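Report on one structure; see the data block that follows.
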Amino acid sequence: MAPPLLDVSGLRVGYDVYGGTLRVLNGVNFYLEEGEKVGLVGETGCGKTTTAKAVLRILPEPPARIMGGEVTFRKASVLDMSAKEVREMHAHGVAMIFQDPTAALNPVFTIGDQLMTAIRYSSLEQKLTRKEIRERALRALGEVALPDPARILDNYPIQLSGGMRQRICIAMALAANSQLMIADEPTTSLDVTIQDQVLRLLGKLVLEKDTSTILITHSLGIVREWTARVYVMYAGTMAETAPTAELFREPLHPYTQGLMKAVPKLTGEGIAEGIEGRIPNYLDPPRGCRFHPRCPHRMDICSQELPPYFEAGPRRQVACFLYRDGN
Amino acid sequence: MDNQARTKDILLSAADLKKHFRTRAGTVRAADGVSFEIRENETLGLVGESGSGKSTVAYTIVGMYRPTGGSLLFRGQDIGRESARRPRQLKKEIQIVFQDPGSSLNPRQSIRQILDLPLRVHGALDRRGREEQTVRLLEMVELPRDFLYKAPRSIGGGERQMVAIARALATNPSFVVLDEPTSALDVSVQAKIINLLISLQKELNLTYLFITHDLSLMRNMATRVAIMYLGKICEIAPTVEFFRNPLHPYTRMLLSSIPVVSDEEQELKPKKIVSQGEIPSPVDIPPGCSFHQRCPHRMEICARVDPIVVRNRQDHEVRCHLYTQDMQDTQDANPGRRTMHE
């Protein structure tokens, strides 16, 4: 079997702050095969964005510090790359869409300036003329279904709605023809009808361009409708991974189970209790499984050892001692 | 339900409520003829996307804005005037919980000071009594006593929202406006807050106006649901009826856009309707039905005439020409309600 496009193992990232080190990522393992659409789901502060930024090498270091682990992208070790190689990777290999399109776009440059810059730097060796770059920019705006692309090139971000801004960011991310796209909560700041439009558009485009995608979100619903395989993240570790349909049919990790119950359903079954407690303080995270203080099924071992991944079916792994005997 | 029974238990009623803002870009018609009633002990879910005017309605009810037009009655008493001129007793009765507890709680005060202020303003309690009362308020929202001396910053987002709820309850209100109280929070925390709100409602006989953009949440919490679009209510119905039989095309578009977590839910979503277009600027509201440009069922009349509200036997009201066919081509001169023929 070909090695995965992206392989992350044992990734540990901390933030040095006054008072100690926030040990956020505590051995993150995941992989992405070529052409896969994978979801990374978890609640605020679980380390989703830190993971993405570490993979892209865009963590602000300091205060962030990579404390261990390996990231392999296209067989190259990302954590060992020089600044030049990182730029190269950003130009051709990976693109990222951020949560807040307003913050991702520079308010003092026109959409055209920013989009054409992205296109120019991702195709330097093609020596495109200004006119060709402009044509590509217009085509990119057309692809994300923006009306009147020529006018939008001259607009400033503030003149566009949030949904339109996010479409611009998608156009910029896709213009580079990247192999891997990381979309970090791309629709969280948008209304539900606009979210639906943007997600449908994103799905269509990555399918057309055969882009491997990691979708980071806190919404289980979006993961279910959008991805083929999911990682559930809790407090800096991957609690569980499974093909999406499997995960929703039978969540295994107690955290995933709690999360699923807490989602309000259209079928109107009432609201479940939620999960007791809150995510740990990363200055002094609990020993062993980081979920154990909140876990309804905790055992003695949970507070002593970090649970490894237990196989729980085809492409299905769960980091929980409940499954150590393989059931 | 006959009319008399309906009017008897009405706590708050808005009729043709308007709130316009003058801006340099033009007049923003944030609330533009909103009519609804809230009955004792119910939860009315007011659902809409950003810019629909749902928060404007909330703020007008609590007295932060003075309505531009229309009437607002609380227990039959006119409250359509500014907060400063509202009698104190009325301010006690109507309280609000804001969306972001990070900015609605004073970061320089302790939880004790935050809870003490409404007691000082409204209560006749002495210092000792107020201290006891603050502890009781914390207990009501299931927070430990030692939270009294914490600062808002040192507690979690969910706990902060519990403090905001406790503050709203300090004046012993009968009506609480909840303005997206959980949309800044994670679902596992949201679940706890919603359950708390439900049990407080039973315990204290509260009536809620719950402002949100989350229809799934309203399915599980509201007694009735109202949908707002560009300053107007386009549909309002009892929750079960609302989700079983959504009528307005915008409601259906909203429902079909919700990402859900199970096949059973997927089944409930209206099919063959896809989200298109964006909410227009409230400065420049389209003529006729404000939704017609995005509507998959638009007819010729929709761009010309703003539809009137029709009501069916299930207490289900909708503002759409699809349900007023017999009215077509008559000018909208009659703002009254007609019974819908099914």
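Return yes or no: is B:ILE273 touching a His at 6+ places or on another chain (Cβ under 8 Å) and either aromatic (Phe, Trp, Tyr) or more than 9 Å from every other protein chain (Cβ to nearest Cβ) (or both)?
Here the answer is no, as B:ILE273 does not meet what is asked.
So is B:LEU90 on the phi < 0 side of the Ramachandran plot, surrounded by fewer than 20 Cβ atoms within 10 Å (Cβ to Cβ) and in a strand (DSSP E or B) or not?
no
Counting only residues that are of a type in the set (A, V, I, L, M) and modelled with pLDDT of 90 or more, which one in the stretch A:7-21 is nearest to the chain's Cα centre (by Cα)?
Only one residue fits best here, namely A:VAL8.
Only one of these is without any contact (Cβ under 8 Å) to a residue 60 or more places away in the chain and either more than 30 Å from A:LEU201 (Cα to Cα) or more than 12 Å from chain B (Cβ to nearest Cβ) (or both): A:ARG298, A:ARG229. Name it.
A:ARG298
Check the stretch B:159-169 and report whether any residue there is touching a Phe, Trp or Tyr at 6+ places or on another chain (Cβ under 8 Å), farther than 19 Å from A:CYS46 by Cβ and either modelled with pLDDT of 90 or more or not polar (S, T, N, Q) (or both). Walk me through how you get there before you give the answer.
Initial filter on the stretch B:159-169 (touching a Phe, Trp or Tyr at 6+ places or on another chain (Cβ under 8 Å)): B:159, B:163-164.
Those still in the list that are farther than 19 Å from A:CYS46 by Cβ too: B:163-164.
Subset that is either modelled with pLDDT of 90 or more or not polar (S, T, N, Q) (or both): B:163-164.
Within the stretch B:159-169, one or more residues are touching a Phe, Trp or Tyr at 6+ places or on another chain (Cβ under 8 Å), farther than 19 Å from A:CYS46 by Cβ and either modelled with pLDDT of 90 or more or not polar (S, T, N, Q) (or both).
Taking the stretch B:159-197 on its own, how many of its residues are in a helix (DSSP H, G or I) and small (Gly, Ala, Ser)?
Residues meeting the conditions: 5.
Which one of these does B:LEU148 not meet: (1) of a type in the set (A, V, I, L, M); (2) free of Cβ contacts under 8 Å to residues at least 40 places away in the same chain; (3) within 13 Å of another protein chain (Cβ to nearest Cβ)?
Unmet condition: (3).
I'd like to verify a number: residues in the stretch B:234-293 that are among the charged types (D, E, K, R), crowded, with 17+ Cβ neighbours inside 10 Å, over 21 Å from the mean Cα position of the chain (by Cα) and not in a loop (DSSP other than H, G, I, E, B), how many?
Residues meeting the conditions: 1.
What are the residues in the stretch B:158-178 that are among the small types (Gly, Ala, Ser) and either within 14 Å of chain A (Cβ to nearest Cβ) or in contact with a His (Cβ under 8 Å, 6 or more places away or on another chain) (or both), if any?
Correct list: B:GLY158, B:ALA170.
Every residue in the stretch A:300-316 that is surrounded by 19 or more Cβ atoms within 10 Å (Cβ to Cβ) and either touching an Asp or Glu at 6+ places or on another chain (Cβ under 6 Å) or charged (D, E, K, R) (or both), please.
A:ARG316
What are the pairs with Cβ atoms under 9 angstrom where one residue, in the stretch B:53-80, is free of Cβ contacts under 8 Å to residues at least 60 places away in the same chain and the other, located anywhere, is in a loop (DSSP other than H, G, I, E, B) and hydrophobic (A, V, I, L, M, F, W, C)? Sequence gap at least six, or different chains.
Note: pairs meeting the criteria are B:GLY63/B:ILE79.
Could you count how many residues in the stretch B:198-229 are in contact (Cβ under 8 Å) with a residue 12 or more places away in the chain, in a helix (DSSP H, G or I) and within 12 Å of chain A (Cβ to nearest Cβ)?
Looking only at that region, the number is 8.
Restricting to the stretch B:118-151, name every residue that is more than 25 Å from B:SER199 (Cα to Cα) and within 30 Å of the chain's Cα centre (by Cα).
Hits for the stretch B:118-151 are B:ARG120, B:VAL121, B:ALA151.
State which residue is farthest from the other protein chains (Cβ to nearest Cβ) when the search covers only the stretch A:183-204 and only residues that are in a helix (DSSP H, G or I) and of a type in the set (S, T, N, Q).
Here the residue is A:GLN195.
Determine whether the stretch B:104-113 contains at least one residue that is at positive phi and without any contact (Cβ under 8 Å) to a residue 12 or more places away in the chain.
Initially, the stretch B:104-113 is screened for residues at positive phi, giving none.
The answer is no, given that none of the residues of the stretch B:104-113 is at positive phi and without any contact (Cβ under 8 Å) to a residue 12 or more places away in the chain.
Under 7 Å between Cβ atoms, which residue pairs at least 6 apart in sequence (or on different chains) link something in the stretch A:253-275 that is at positive phi and more than 7 Å from chain B (Cβ to nearest Cβ) with a partner that is modelled with pLDDT under 90 and surrounded by 23 or more Cβ atoms within 10 Å (Cβ to Cβ)?
none
Only one residue in A:THR256, A:THR241, A:THR267 is within 20 Å of B:LYS192 (Cα to Cα), among the polar types (S, T, N, Q) and not in a loop (DSSP other than H, G, I, E, B). Which one?
A:THR256
Do you know which of the residues in the stretch A:51-76 that are over 25 Å from A:LYS209 (Cα atoms) and free of Cβ contacts under 8 Å to residues at least 40 places away in the same chain is surrounded by the fewest Cβ atoms within 10 Å (Cβ to Cβ)?
Among residues in the stretch A:51-76 that are over 25 Å from A:LYS209 (Cα atoms) and free of Cβ contacts under 8 Å to residues at least 40 places away in the same chain, the one surrounded by the fewest Cβ atoms within 10 Å (Cβ to Cβ) is A:PRO60.
Here are B:PRO270, B:PRO181: which of them is of a type outside the set (Lys, Arg) and either at pLDDT 90 or above or within 24 Å of A:GLN257 (Cβ to Cβ) (or both)?
Unique residue meeting the criteria: B:PRO181.
Could you figure out which of (1) in contact with an Asp or Glu (Cβ under 6 Å, 6 or more places away or on another chain); (2) touching a residue at least 60 places away in the same chain (Cβ under 8 Å) isn't true of A:THR110?
For A:THR110, the exception is condition (2).
The values are calculated or read from the model by the stated rules, or taken from the named source; none is laboratory data. No experiment lies behind these values; they were computed from the predicted model shown. Note: ideal-geometry Cβ built from the backbone for every residue, glycine included; neighbour counts use all protein chains shown.
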